[in-house]
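Here's the structure, in structure tokens; my notes come after.
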């Protein structure tokens, strides 16, 4: 077996975010559930875009964000995901490559691109810093097992799969293709549950994939409670230990819990002023995996996750602005001063 | 003569900004002059985009920014400018309309749109908060006198023209078309010099337009020095008084000077942490005109300009994030506390 040349290969929906501020009344008027991600078709997306405020566009996508953050932390990273050959697709491809991420997936072109343009996510950020996401999947629905090159997967220590990929049907097959290729090459498979509503939509498939294919699970509190249909976090934590070798469960301002066999670590959140929680969970997973693939202890993996998440929620948008390598390198980082109080990891 | 139904009608290049951070070495390596705006063709734009860092897209354009800021201050505003019917064109149109601005110009469509897509400006923001702009004009080169509806111009108290419009040749005619229509309807014509290099390119045309057509001039220090080919600000201030009825000259952290006939007011800059100077001058003009069209005294016009500029330079991007109406409404605004120290109005 050859040595891996990548630390992380992310697979996910390739999406450009459109972020706008909105008040709570706007969510109520338009029937939007705060904090969730819902899928919309082209018509609904146009209608919502027509009534929302001025936007800022930046590359997003859950695994895409994770890849960009992990690369900023020094990890060697690749990403597979489908854009169309249009202006937003070129924006996505530019940004992820400019972040230092290897991105080999061919864009959809010709008439197919016109019919299914690059995906976008209309994100409404309320004054409480919560984000409410409305995703038009566009070209992402054409991502399939054919886009998963087993050689690319075998190159990476960890293949990281976002749960949102369970939504476009062809991509579910790609999940299994990727995990088979990873395990055949002796690599690890990491899964993010992405969203409580997404878990609701695909619970049985998630539980099967978790037990049979997953080595490392990322989930926030509402996602893990939804997966096990319980309202008690400790019950969920006990159940997840039986299903997967390693789980990192984020709990917002309460920090995160890392469970691996008999080990259990509680890691404090990093205090910061919360401006926009978009991408918090993605950044946590990036920090965790960037540290893990450097063989750092689990407590440090959780700490890197907490630092990366704190950076991303301290400003508008899901991709990092600060020098993340510097933030994790300094043990006496001012962000880590006492008391390690309120922060939000979504 | 009927009453005007708009306060301000802006005419300018309709551009989507792509903002990315860069260090000084990057500017040197790629031969870029810090602080300026240069025009690039499609090939140069692609090449620069290929090497610059991850970007954030937001609607821009000098007059477009001014219109968005003025609308945020409560002015009734319209904008004329040319986008193509493509993804970035739809972003521009959405954002300016969502800001409350009337935007009637038809987009370029069909094959013309494919050949000349929506304009974009690649903006590199260095650690000193300076912005260096590289503009691909795209569809803007097709904006012509035919796009200036004299009835739209007659509807507004002030027509506001950005100097950058002297670059695409067909638009120069549109300038005269607009100023003729404005004066025929008894309205005012405001001009922004936009950029010292732009003044350099079109000095004779600017001086003629200033003397013959302009009622209100906006310029920063380097632009007004370039216009009069002097290195002494007071010399330029004396000359401009002979050429135009009213001039607002911005001097970065030194504040601004407003000259109108025998009146002269010096207005302090509003202190703020400077993150990105993109749009500082556009925001100053917006504040000034929003106050002027409410018949506020000239000192208040300058004060509104300074407050709007301070808001825009305190964050990434040229469009406002804070509630500008609230900022100008409070005379004892904390931003206006003593001492009124360093700020930057570009």
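Where a number appears in this text, it was derived from the coordinates with a stated rule and is not lab data. Note that this is a predicted model, so its numbers are computed, not measured. Virtual Cβ from ideal backbone geometry, glycine too; neighbours counted across all protein chains shown.
Just to be sure I follow: if Rg is taken over the C-alpha atoms of the stretch B:1-102 and Rh is the Kirkwood radius over the same atoms, what is Rg/Rh? Show your work: numbers first, answer last.
Working: Rg = 16.4 Å, Rh = 15.5 Å.
Result for the stretch B:1-102 is an Rg/Rh of 1.06.
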Mean separation of Cα contacts under 8 Å (at least 6 apart) over the residue count of chain B, i.e. the relative contact order in percent, is 18 percent
Assign one of three labels to the stretch B:93-242, namely rounded, prolate or oblate, based on the Cα gyration tensor with a ≥ b ≥ c the square roots of its eigenvalues; rounded applies when a/c is under 1.5, prolate when it is not and a/b is larger than b/c, and oblate otherwise. oblate
What value in Å³ per residue do you get for the convex hull of the alpha-carbon atoms in the protein assembly as shown? 157 Å³
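Sorting A:197, B:103, A:79 on the 10 Å Cβ count, fewest up front, what's the list?
Working: A:197 17, B:103 21, A:79 30.
Fewest-to-most Cβ neighbours within 10 Å comes out as A:197, B:103, A:79.
Averaged over its residues, how many other protein chain Cβ atoms are within 10 Å of peptide B:44-56's Cβ atoms? Working shown, then result.
Details: counts 0, 0, 2, 0, 0, 4, 3, 1, 2, 5, 16, 8, 12.
Averaged over the peptide's residues, the number is 4.
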Inverting the mean 1/r over all pairs of different Cα atoms, compute the Kirkwood radius of the stretch A:6-336 and quote it in Å. 19.5 Å
Hey, rough spin-label estimate for residue A:51 and residue A:232, points 7 angstrom out along Cα→Cβ, what's it come to in nanometres? 4.2 nm
Separation of alpha-carbon centers, the stretch B:50-69 and the stretch A:150-183, rounded to whole Å: 36 Å
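Restricting to DSSP H runs of at least four residues, report the calculated mean residue ellipticity at 222 nm for chain B, -39500 (n - 2.57) per run over all residues, nearest 500 deg cm²/dmol. Display every interim value, and only then the final one.
Details: 14 runs with 136 residues, N = 346.
It comes out at -11500 deg cm²/dmol, rounded to the nearest 500.
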Once you have a ≥ b ≥ c as the square roots of the Cα gyration tensor eigenvalues for the stretch B:71-154, tell me rounded if a/c is under 1.5, and otherwise prolate or oblate according to whether a/b is larger than b/c. oblate
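Among B:254, A:325, which comes first, second and so on when ranked by fewest other beta-carbon atoms within 10 Å?
Working: B:254 16, A:325 11.
In increasing order of surrounding Cβ atoms, one gets A:325, B:254.
Exposure proxy check: A:160, B:49 ranked by fewest other beta carbons within 10 Å?
Numbers: A:160 28, B:49 20.
Ascending number of Cβ neighbours within 10 Å: B:49, A:160.
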Using only atoms on other chains, find how many Cβ atoms lie within 10 Å of each Cβ of peptide B:57-63 and report the average. 3
